[in-house]
1. Any idea which of GLY75, GLY66, GLY24, GLY40 is touching a helix residue (DSSP H, G or I) at 6+ places or on another chain (Cβ under 9 Å), at positive phi and modelled with pLDDT of 95 or more?
2. For region 87-111, give me each residue that is β-branched (Val, Ile, Thr) and over 15 Å from the mean Cα position of the chain (by Cα).
3. Can you tell me which residue within region 45-61, out of those that are crowded, with 23+ Cβ neighbours inside 10 Å and part of a loop (DSSP other than H, G, I, E, B), is nearest to the chain's Cα centre (by Cα)?
4. Just checking, which of ALA114, ALA190, ALA121, ALA143 is more than 17 Å from the chain's Cα centre (by Cα), surrounded by 15 or more Cβ atoms within 10 Å (Cβ to Cβ), small (Gly, Ala, Ser) and more than 13 Å from GLY75 (Cβ to Cβ)?
5. Which ones in region 167-177 are surrounded by 13 or more Cβ atoms within 10 Å (Cβ to Cβ) and more than 13 Å from the chain's Cα centre (by Cα)?
Amino acid sequence: MVSTDDALQKLRDGNRRFVNGELGDVQATARAYPGSLKGGQHPLAVVLACSDSRVPVELVFDQGVGSLFVIRVAGNVCAPTPIGSIEYAVEQFDTPLVVVLGHSQCGAVMATLAELAGEQAYRSPGLRAIVDRVRPAVEPILAAHGDPHDSGVIERSVRANIRASVRRLSHGSRILERRIDAGELIVVGAEYSIETGCVEFFEGPEDSK
């Protein structure tokens, strides 16, 4: 079994290759025709990512088929179904790492800011469910700074939303908490830059300035 530190380092190294145009750590045939995986899966990380089409998770980390257990939902929000999917992967496959991967220019975050500013409203129950889960993380930022279109407000809101999901997973699931306490699992936040391709892993517990 891969250790928590080794799993995180593999993702760091993979993103470095992606940014530097050095993709190919996993052969193309292994990516497309993973015959060796027919007996089961052993992903080194679970990734809760936004559904944005500009964030190709396996490519971003230069990982092949079977390496990542990816759950995608707009705004990388922690609803019951994504949480259950993460619990399943951690329990079934002893996966040592969970990454909440947000990204710059997140549409779900910007839509929530626009609604809070009174610029638009969502009447669909499905869209409302996403906005309502993003709202608690970004509302204090907008209240303090005022302009929902300010790049600094958007950046801080994206990071606050990522960290809210990290906290929810770290302290809202008995399955995950038990493994974290035993040193068998770590949950980290990360932000993918659509502009540069770089993934920044958050080191500290508090929201970035």
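1. One residue alone meets the criteria, GLY75.
2. VAL90, THR95
3. Checking each candidate, the answer is CYS50.
4. Going through ALA114, ALA190, ALA121, ALA143 in turn, the sole match is ALA114.
5. Residues satisfying the conditions are SER170, SER173, ILE175, LEU176, GLU177.
The values are calculated or read from the model by the stated rules, or taken from the named source; none is laboratory data. Source: prediction; values computed, not measured. Neighbour counts are summed over all protein chains in view; Cβ atoms, including those assigned to glycine, are modelled from backbone coordinates with ideal geometry.
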